[in-house]
Structure formats: C-alpha cells, structure tokens
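The values are calculated or read from the model by the stated rules, or taken from the named source; none is laboratory data. Because the structure is predicted, anything quoted here is derived from the model rather than measured. Note that we place each Cβ from the backbone using ideal geometry, even for glycine, and neighbour counts take in every protein chain shown. Just so you know, the surface numbers come from the protein's heavy atoms only, side chains and all, with ligands and any DNA or RNA stripped out. Shrake-Rupley method; radii C 1.70, N 1.55, O 1.52, S 1.80 Å.
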Amino acid sequence: MSALVTASNVTVTRNGHNFLEDISLDIGANDFITILGPNGAGKSLLLKCLMRLVSPEKGYVTQRKDLKIGYVPQHFSVDQTLPITVKKFLALRKKISATEVDMLAERVGVAGLLEKPMHVLSGGERQRVLLARSLIGNPALLILDEPAQNLDISGQLAFYRLLEKVYEERPLSILMVS
C-alpha cells in the first residue's frame, strides 16, 4: 500500500441523514492537504473516519500498517482545578525524555511555557502545545481539526507559519480541515 490512508466510497449516516456520502481520498507520503467547508459539512467526522474512530456505513478506510498519527483536536480545554503544567502535559502517557520535551518545546516555540499551568495558556499558546504533543513519536501523518479556529488573524498566521516550518523540517504528511 503506497498511501498512508485510503478512504474509498465512504458514507456515514447519522439519524437518517448522510453527513458524508461517497467520499474517496488518498493521503500519500509528504502530502499537505487542506479540506475546506462550511460548519456542519462533516469535515471533523471525515477525520474521525480516517483515524478509524468512526466506522462508515458504506465504503472503507485503510491505513498503512504501523501508521503513527499525530492529532490536534478542534476543541480542547483544561479544567482550572487540574494543576498540570505544560511540561507534564507533554509527557503525559507518552514515552519521551525530559531532553526530548525541551527540544520539541523549543522547536514549536513553547519552551518558555513549560512550567506554566495548561489552563492559563492563551488560545495560540494552547494550539502550539497541542501541536508539540501531536509530534511526539514522529508521526507519519499529522491530522489537525480546525487548528486556528479560535485564534485572531495574527495568531492564525503565526500558527500556519509554524505548521509550514514543521512540514518542511519533518518527513510527514499533514491533513487539516478548516
């Protein structure tokens, strides 16, 4: 299989309504794909299908064997009563050394935030931390669900520049919805 992920004639139905109908898509090595569409069009649902978190009623999704996927969700919030720092969040349930955390944090511009509690971060800071976490383990495919949705225009531009830099420096494919 040359593609990282293949979706073939995928249809997903919820409450008698087709949210995705006859969708086919191949994601190859070093692809950078952005899917655009209005709210409610099924973009996030498509991502969940491609990650095999949701099964289609029709069609199929296949992934390359041993595919590592990094994921940045559309919505992510941390309860203020959970006193977890950025550094601890990055290492949470991930096999990564303190040195690797420091290097990755430096790479995505969050090194100065490592001792801050997650709940005090701005939207842009939080997105960069989520990006850093998604890159742990060197995934072959990075999936981002509207990563700049809640950022102001300068934050969006900065995030997209960072994403471009990551893409240029790492051997990975990116699939993003917006």
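Quick notes on this one:
- Residues (open to solvent by less than 50 Å² (accessible area, probe 1.4 Å) and not β-branched (Val, Ile, Thr)) located in region 114-132: Leu114, Pro117, Met118, Leu121, Gly123, Gly124, Glu125, Gln127, Leu130, Leu131, Ala132
- Filter result (surrounded by fewer than 17 Cβ atoms within 10 Å (Cβ to Cβ) and either of a type in the set (A, V, I, L, M) or modelled with pLDDT of 80 or more (or both)) within region 75-90: Val78, Leu82, Pro83, Ile84, Thr85, Lys88
- Count of residues meeting criterion [polar (S, T, N, Q) and either within 22 Å of Leu175 (Cα to Cα) or buried (at least 19 other Cβ atoms within 10 Å of the Cβ) (or both)] in region 1-23: 5
- Per the conditions (1) under 19 Å from Met51 (Cβ atoms); (2) surrounded by 14 or more Cβ atoms within 10 Å (Cβ to Cβ); (3) at pLDDT below 85, the sole criterion not satisfied by Val177 is (3).
- In summary, Thr34 fulfils each of the numbered conditions (1) in contact with a strand residue (DSSP E or B) (Cβ under 9 Å, 6 or more places away or on another chain); (2) surrounded by 14 or more Cβ atoms within 10 Å (Cβ to Cβ); (3) closer than 21 Å to Ser134 by Cα with the single exception of condition (2).
- Only a single item in (1) open to solvent by less than 10 Å² (accessible area, probe 1.4 Å); (2) at pLDDT 90 or above is not met by Ala111, and it is number (1).
- Residue in region 98-105 that is small (Gly, Ala, Ser), farther than 25 Å from Ala29 by Cβ and crowded, with 17+ Cβ neighbours inside 10 Å present: yes
- Residues (more than 24 Å from Asn138 (Cβ to Cβ), crowded, with 19+ Cβ neighbours inside 10 Å and not hydrophobic (A, V, I, L, M, F, W, C)) located in region 45-74: Pro56
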